[in-house]
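The values are calculated or read from the model by the stated rules, or taken from the named source; none is laboratory data. All figures in this text were calculated on a predicted structure; none of them were measured in a lab. Positions of Cβ are generated from backbone atoms using ideal geometry, with glycine treated the same way; all protein chains shown enter the neighbour counts. For the accessible areas, the whole protein counts, side chains as well, though only heavy atoms, and no ligand, DNA or RNA atoms are used. Shrake-Rupley method; radii C 1.70, N 1.55, O 1.52, S 1.80 Å.
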Amino acid sequence: MDMDIEEQPSPNSLKRFGLKTSIQTNFGDDYVFQIISKDDWSSMAVSLSTNTVKLYSPEMGQYYGECKGHHATINQILFSDASNAHVLNSCSSDGTIRAWDTRTFQQVSSINAGPSQEVFSFSFGGPGGNLIAAGCKSQILFWDWRNKKQIACLEESHVDDVTQVHFVHEEQGKLISASVDGLICTFDITGDINDDDHLESVINVGTSIAKVGIFGDYQRLWCLTHIETLGIWDWKNGRNEVNFSDARSLASESWNLDQVDYFVDCHYSKEAEKLWLIGGTNAGTLGYFPVNHKGVATIGGAEAILEGGHTSIVRSVLPMSRFHGAPAPSSGSSGIFGWTGGEDGRLCCWLADDSPQINRSWISSTLIMKPEKSSKKNRHHPY
């Protein structure tokens, strides 16, 4: 597929990626919500706005099958750990968390959060590793996944939809939640779980929270909001380290393409000790913008650009390589940068620019002057 690839004045600071292949996931106006992979890269799961999850090979793009059963929007998907590697989990606005056997594509279990309830996020963990926490309508519910029995409900900490719940990787007795009410709460969930005794701290971001992620030494947390701002917090002491209220403007000024209209996600590389903010245009171009949160806070120039694959807003990015000099995962996926999916219903696979498999047309070194900004486009709200 022909495509234009940008080159900026400093070629060493920009990695170029070309489109290897794209997959149309449907034949209508439905689109991709989220892309995840198994730890061994043997398959990847893709949630769609048709309330289904499709599975593909991340190396070849081969279609394996689909998991069908939800009757409302799928809000999150997650593979189980290595002990149940063939199990895929999903939560939905139909109020359920379901488990699927990816060998047969059949549902193997289901948890119901209750009538008129919605499940926006979920996480596995806890001190014994046996808990499921779910972010619902102003509540956080807990089950023991071994017997599917509900063991707790936190209902006094948030007053609106709980968009994120995360057990802390290095401290499984800690749970972090985030909500449309603008609050990030930290809970100690050892022992009997309740609002009075287990709420440890509250951070007031001040606006509706879309995504949070723990990174670095597991003490810092990045926070993306629904108004496209980015904050970096020390969640253990509730201190705000950086607040980029003008993140879109800073990112837009750091490349020669259209304005950055929205942010998809943040990605952190342990090897490079580096955080990237992934921004996109309404036309489907993506950029990886490095975030410096130490010393002088900055959002730097794009270090990777993915252009020419999508025609609309991108919703999810699945990285398959660590593009700052580190080797790709040991999955036979040499050269693959990752997969993206969006509102055009397409899955796009990206290769490093020097890969012999890429079919690129040309590389431009003339895009140095910034073009005049076009009129501001409205973004499709993701939630």
**OP:** Find the residue count for the range 189-221, including only residues that are aliphatic (A, V, I, L, M) and either open to solvent by 60 Å² or more (accessible area, probe 1.4 Å) or out of contact with any strand residue (DSSP E or B) (no Cβ under 9 Å at 6 or more places or on another chain) (or both).
**Re:** 2
**OP:** Kindly provide the set of residues from the range 289-302 that are modelled with pLDDT of 90 or more and outside any strand (DSSP E or B), ordered by number.
**Re:** A297, G300, G301, A302
**OP:** Take T225 and decide whether it is within 29 Å of G345 (Cα to Cα), out of contact with any Leu (no Cβ under 7 Å at 6 or more places or on another chain) and buried (at least 20 other Cβ atoms within 10 Å of the Cβ).
**Re:** yes
Original post:
Among the numbered criteria (1) within 30 Å of S157 (Cα to Cα); (2) open to solvent by less than 50 Å² (accessible area, probe 1.4 Å), which single criterion is violated by P127?
Top reply: (2)
Subject >> Residue satisfying all of: in the range 234-263; among the aromatic types (F, W, Y) and at pLDDT below 95; farthest from E303 (Cα to Cα) among these >> reply: W235
**OP:** Could you please give the count of residues in the range 69-117 that are farther than 21 Å from N147 by Cβ and basic (K, R)?
**Re:** 1
Original post:
Which residue out of I111, I140, I151 is open to solvent by less than 30 Å² (accessible area, probe 1.4 Å) and over 21 Å from the mean Cα position of the chain (by Cα)?
Top reply: I111
Original post:
Could we say that V264 is open to solvent by less than 20 Å² (accessible area, probe 1.4 Å), of a type outside the set (S, T, N, Q), within 17 Å of D181 (Cα to Cα) and part of a strand (DSSP E or B) here?
Top reply: no
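If only one of D246, D181, D261, D217 is out of contact with any Pro (no Cβ under 7 Å at 6 or more places or on another chain) and over 27 Å from I35 (Cα atoms), which one is it?
The match here is D246.
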Original post:
Taking F167, is it surrounded by 15 or more Cβ atoms within 10 Å (Cβ to Cβ) and within 27 Å of V264 (Cβ to Cβ)?
Top reply: yes
**OP:** May I ask you to list the residues in the range 277-293 that are open to solvent by 10 Å² or more (accessible area, probe 1.4 Å) and under 23 Å from I209 (Cα atoms)?
**Re:** N282, P290, V291, N292, H293
**OP:** Determine if the range 303-322 includes at least one residue that is closer than 30 Å to S49 by Cα, among the basic types (K, R) and within 17 Å of the chain's Cα centre (by Cα).
**Re:** yes
Subject >> Only one of V212, V242, V317 that is closer than 28 Å to Q172 by Cβ, in contact with a Cys (Cβ under 6 Å, 6 or more places away or on another chain), in contact (Cβ under 8 Å) with a residue 24 or more places away in the chain and of a type outside the set (S, T, N, Q) >> reply: V212
Original post:
How many of the residues in the range 215-232 are modelled with pLDDT under 95 and outside any loop (DSSP other than H, G, I, E, B)?
Top reply: 2
**OP:** Mind listing whichever residues of the range 158-206 are modelled with pLDDT under 95 and acidic (D, E)?
**Re:** E170, E171, D188, D192, D195, D196, D197, E200
Subject >> Single unsatisfied condition, Q259 versus (1) in a loop (DSSP other than H, G, I, E, B); (2) open to solvent by less than 30 Å² (accessible area, probe 1.4 Å) >> reply: (2)
Original post:
Residues in the range 170-185: is at least one among the aliphatic types (A, V, I, L, M), out of contact with any helix residue (DSSP H, G or I) (no Cβ under 7 Å at 6 or more places or on another chain) and assigned to a loop (DSSP other than H, G, I, E, B)?
Top reply: yes
